[in-house]
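Participant: Below you'll find the structure I mean.
The values are calculated or read from the model by the stated rules, or taken from the named source; none is laboratory data. None of the values given here were measured: they were computed from a predicted structure. Methodologically, a virtual Cβ is constructed for each residue, glycine included, from the backbone with ideal geometry; neighbour enumeration extends over all protein chains shown. We work out accessible area using only protein heavy atoms, side chains counted, and drop any ligands, DNA or RNA first. Shrake-Rupley method; radii C 1.70, N 1.55, O 1.52, S 1.80 Å.
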Amino acid sequence: MNLSNNTVLITGGASGIGLALAVRFQQAGGTVIVVGRRADKLAKAAQQHPGLHTHVADVATAADRVALAAWVMAEFPGLNVLVNNAGVQNRVSFADLAADWDSRRQEIAINLEAPLHLSALLAPHLGQQPGAAIVNVTSGLAFVPVAGLPIYCATKAAMHSVTLSLRQQLLPTGVQVVEIVLPAVDTDLGGPGLHTHGVPLDAFADAVMARVAAGELEVSYASSEKGRLASRAEAEAAFKQINNR
Ligand SMILES: NC(=O)c1ccc[n+]([C@@H]2O[C@H](COP(=O)([O-])OP(=O)(O)OC[C@H]3O[C@@H](n4cnc5c(N)ncnc54)[C@H](OP(=O)(O)O)[C@@H]3O)[C@@H](O)[C@H]2O)c1
C-alpha cells in the first residue's frame, strides 16, 4: 500500500493506535480525518497535531455510520483510505451476560458491525479512487482467545474472517484490504493502565507501517506474529498458557 498523500478516515483516531496511525499518514503527506465519541479527546488531538480533521460520531449506531459516510464523502471527495480502528474491550462473565445483554451487544456493534457497515458504505466510493485501501485493526487474540474476553476475541476473529472475504470481493475494484494484527500495545484500551504490559506504541506503529508500505496485506508484530502464524497445536498450547491451564 502506498502510504503517501492519501485522504484517510480513521475511526477511533483520537487516541492510542488510531492516533499513532493518523500521525504517520499525516507525516506521509496525507489528509487525515479522525472520528470518535468524545469531542474533548478529538479537540486535544487536533490541537497537538495541526491539520488533523475531526468528527464526532458513535460508530456503534447505524444512523451515525450512514451520516458519517455521507459527510466524509461530501467534505473529502478524495477519500481513498478507510481505517477501521475503533474498538472496545470488556471483561465478560457468561454468568452475567444475559442480565446485561444490551450493554454487552455494544462491543459487537463497535468492533464488528461498525467496520462491516462502514466498509460497505464506503467501498463504492473507494473503488473510484486511486490507491484505495481499507485497513482493519484486529488482534492476536483473534487466533488465541483470552477466555475472560469472549466477545472481544470473537469480534476480532470475525474481523479476520471478514478481511479475507472483503479482500476477495474487492479484488476487481482495486481496493486493497489490509489487516493489522496487533499484539498487546501500551494504550488505554479497556481503561487506563490495563495495557502497560504491552509493547511501546511508537515502535509498534513504525514497524507495522513500514511493512504495510512494503506491500504486506496481513501484518503482525511480536507476540501477535506468533499467534497469527501458529499451527493448530501451537495455538492450543498458547491458549492453555495464556488462560493459566
Ligand atoms: N492496545 C492493545 O493492546 C490492542 C491489542 C489488539 C488490538 N487492539 C485494537 O486497536 C484498536 C484501537 O485500540 P487502542 O488500543 O488504541 O485503544 P483506545 O486508545 O481505547 O482507542 C479506542 C478508540 O476507539 C474509539 N471508539 C470506541 N468506541 C467508539 C464508538 N462507538 N464510536 C467511535 N469511536 C469509538 C475511542 O474514542 P471514544 O471513546 O472517544 O469514542 C478511542 O479513540 C481497537 O480496535 C483495539 O481492539 C488494541
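Participant: Starting from residues that are free of Cβ contacts under 8 Å to residues at least 12 places away in the same chain and closer than 22 Å to Asn80 by Cα, keep the ones in the range 169-200 and report whichever is farthest from the ligand (Cβ to nearest atom).
Facilitator: Across the range 169-200, the extreme among qualifying residues is Pro172.
Participant: So which residues in the range 216-236 are of a type in the set (Ser, Thr, Tyr) and either outside any loop (DSSP other than H, G, I, E, B) or crowded, with 19+ Cβ neighbours inside 10 Å (or both)? So that I can check it myself, show each step before the final result.
Facilitator: Our first condition is that a residue be of a type in the set (Ser, Thr, Tyr); within the range 216-236, this holds for 220-221, 223-224, 231.
Of everything in the range 216-236, those that are of a type in the set (Ser, Thr, Tyr) and either outside any loop (DSSP other than H, G, I, E, B) or crowded, with 19+ Cβ neighbours inside 10 Å (or both) turn out to be Ser220, Tyr221, Ser223, Ser224.
Participant: Could you list all residues from the range 121-138 that are part of a strand (DSSP E or B) and open to solvent by 10 Å² or more (accessible area, probe 1.4 Å)?
Facilitator: Within the range 121-138, the first condition is being part of a strand (DSSP E or B), and the residues that meet it are 133-138.
Once the filter is applied, which keeps residues that are part of a strand (DSSP E or B) and open to solvent by 10 Å² or more (accessible area, probe 1.4 Å), the range 121-138 yields only Val137.
Participant: Right, something else. I'd like to check something: does the range 44-66 contain any residue that is part of a loop (DSSP other than H, G, I, E, B), within 23 Å of Gly131 (Cα to Cα) and modelled with pLDDT of 95 or more?
Facilitator: Applying the first criterion (part of a loop (DSSP other than H, G, I, E, B)) to the range 44-66 yields 49-52, 57-61.
Now restrict to residues that are within 23 Å of Gly131 (Cα to Cα): 51-52.
Keeping just the survivors that are modelled with pLDDT of 95 or more gives 51-52.
Taking every residue of the range 44-66 in turn, at least one turns out to be part of a loop (DSSP other than H, G, I, E, B), within 23 Å of Gly131 (Cα to Cα) and modelled with pLDDT of 95 or more.
Participant: In the range 72-120, which residues are without any contact (Cβ under 8 Å) to a residue 40 or more places away in the chain, open to solvent by 60 Å² or more (accessible area, probe 1.4 Å) and within 14 Å of the ligand (Cβ to nearest atom)?
Facilitator: Within the range 72-120, Arg105 is the sole residue that qualifies.
Participant: Still on this model: For Asp206, state whether it is modelled with pLDDT under 95 and under 18 Å from the mean Cα position of the chain (by Cα). It would help to see each step written out before you state the result.
Facilitator: Numbers: modelled with pLDDT under 95: no; under 18 Å from the mean Cα position of the chain (by Cα): yes.
The answer is no for Asp206.
Participant: Kindly evaluate Thr173 against the criterion of being surrounded by fewer than 13 Cβ atoms within 10 Å (Cβ to Cβ) and of a type in the set (Val, Ile, Thr).
Facilitator: On the way: surrounded by fewer than 13 Cβ atoms within 10 Å (Cβ to Cβ): no; of a type in the set (Val, Ile, Thr): yes.
The answer is no for Thr173.
Participant: Then there's this: I'm told Met209 meets every condition in (1) open to solvent by 50 Å² or more (accessible area, probe 1.4 Å); (2) out of contact with any Ser or Thr (no Cβ under 9 Å at 6 or more places or on another chain); (3) within 23 Å of Leu19 (Cβ to Cβ) except one. Can you identify the failing condition by its number?
Facilitator: Every condition holds for Met209 apart from (1).
Participant: Also, I was wondering about something else. Filtering the range 4-43 down to residues that are part of a loop (DSSP other than H, G, I, E, B), open to solvent by less than 40 Å² (accessible area, probe 1.4 Å) and without any contact (Cβ under 8 Å) to a residue 60 or more places away in the chain, which residue is nearest to the ligand (Cβ to nearest atom)?
Facilitator: Our first condition is that a residue be part of a loop (DSSP other than H, G, I, E, B); within the range 4-43, this holds for 4-6, 12-15, 28-30, 37-38.
Subset that is open to solvent by less than 40 Å² (accessible area, probe 1.4 Å): 6, 12-14, 28, 30.
If we keep only those that are without any contact (Cβ under 8 Å) to a residue 60 or more places away in the chain as well, we get 14, 28, 30.
On the way: Ala14: 5, Ala28: 20, Gly30: 19 Å.
The extreme case among them is Ala14.
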